[in-house]
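Please treat every number below as a calculation from the coordinates, not as lab data. Remember, predicted model here, so these are calculated numbers, not experimental data. Here Cβ is always computed from backbone atoms with ideal geometry, including for glycine, and neighbour counts include all displayed protein chains.
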Amino acid sequence: MKVSASFLSSYYVEDDIMKLNETDVDFIHVDVMDGKFVPNKTLPFRSMKNIYKYTSKRLDVHLMVAKPKKLIKKYAQLNTEFLTIHVELDEDIQSLIDLIHNYGIKCGLAIKPDTPIEALDPYLDQIEMVLFMSVEPGAGGQSFIPETLIKIKEFKKKMKEKKLNIIVNVDGGINLENCKKLRQADILVSGSCIINSDNFQETITKLRGGKNE
Ligand code: DX5
Ligand code: ZN
């Protein structure tokens, strides 16, 4: 189990990143919003880029944007492990997956709570990760949607049948209680649970299930 720390709801991003540097967190989850695909908007890349020079952690970039092409090019220049776009986009998903792969970066597809997992079918043999949204994308600090657990279970079953090995990443509303039900996942994104805690490392270790795997 790996942990990807997000800080969408935090104003003192640099401070939080410095504190995360002192932990063994696996990734920094970067939420990028355009005010179109989701109502909120994040800072432009030129500011975001400065923020990420404060860390040497690999980035898990979540693009909640309607037109990701230009941002893929930009975020591909950072220390990026995953570049994730939404499967719901009204765009040529295939060419965006290819673009991400052309940069030698792992491609993730994010899926909103109400989108059935069948939407992922055309891309399953090409992507490295699925980001299951367990809240509506757009804001940190929301409550976990329990139906996500059923979706992940069905997806895992499908992966087994198809003999595919896709990383399962879960994003939104994860806390020290519901993380116990998410042992089937490979990565848990956590914003408020880590950032609002007194001891980041302790929380990260607990989210992993108490042990560093
Ligand atoms: C939701 C974002 C999440 C969010 C997670 O749109 O994609 O990454 O920051 O924050 P918490 O853990 O507070 O739900
Ligand atoms: Zn996210």
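Give the Rg (one decimal place) followed by the Dmax (whole number) of region 33-100, computed from C-alpha coordinates and expressed in Å.
My reading of the Cα-based Rg and Dmax gives 11.9, 34 Å.
Plugging the Kirkwood radius over Cα pairs into Stokes-Einstein for region 90-142, at a temperature of 10 °C and a viscosity of 1.306 mPa s, what D comes out in µm²/s?
In µm²/s, the coefficient is 130.
Students often get this wrong, so check it: of Lys153/Lys206; Lys53/Lys73; Lys74/Lys106; Lys69/Lys153; Lys112/Lys151, which have C-alpha atoms separated by over 20 Å?
Lys153/Lys206; Lys69/Lys153
Students often check this: by mean Cβ neighbours within 10 Å, which of 38-48, 23-33 ranks highest, and how do the rest follow?
The peptides rank, most packed first, as 23-33, 38-48.
Plugging the Kirkwood radius over Cα pairs into Stokes-Einstein for region 2-208, at a temperature of 20 °C and a viscosity of 1.002 mPa s, what D comes out in µm²/s?
126
So for region 1-138: antiparallel DSSP bridges make up what percent, rounded to the nearest 5?
Restricted to region 1-138, the bridges split so that about 5 percent are antiparallel.
Using all alpha carbons of region 60-178, what is the percent of pairwise distances in each 10 Å bin, ordered from the shortest bin to the longest?
Result, from short to long distances: 13, 47, 34, 7 percent.
Report, to two decimal places, the Cα Rg of region 4-58 normalised by 2.2 N^0.38 Å (N = number of residues).
For region 4-58, the normalised Cα radius of gyration comes out at 1.14.
Kindly provide the pair-distance distribution of region 133-213 built from C-alpha pairs, with 5 Å bins from 0 and whole-percent values in order of increasing distance.
Here the calculated profile for region 133-213 is 3, 15, 26, 23, 17, 11, 4, 1, 0.
Helix-only mean residue ellipticity at 222 nm, the chain, DSSP H runs n ≥ 4 weighted -39,500 (n - 2.57), per residue, nearest 500. What is it?
-7500 deg cm²/dmol
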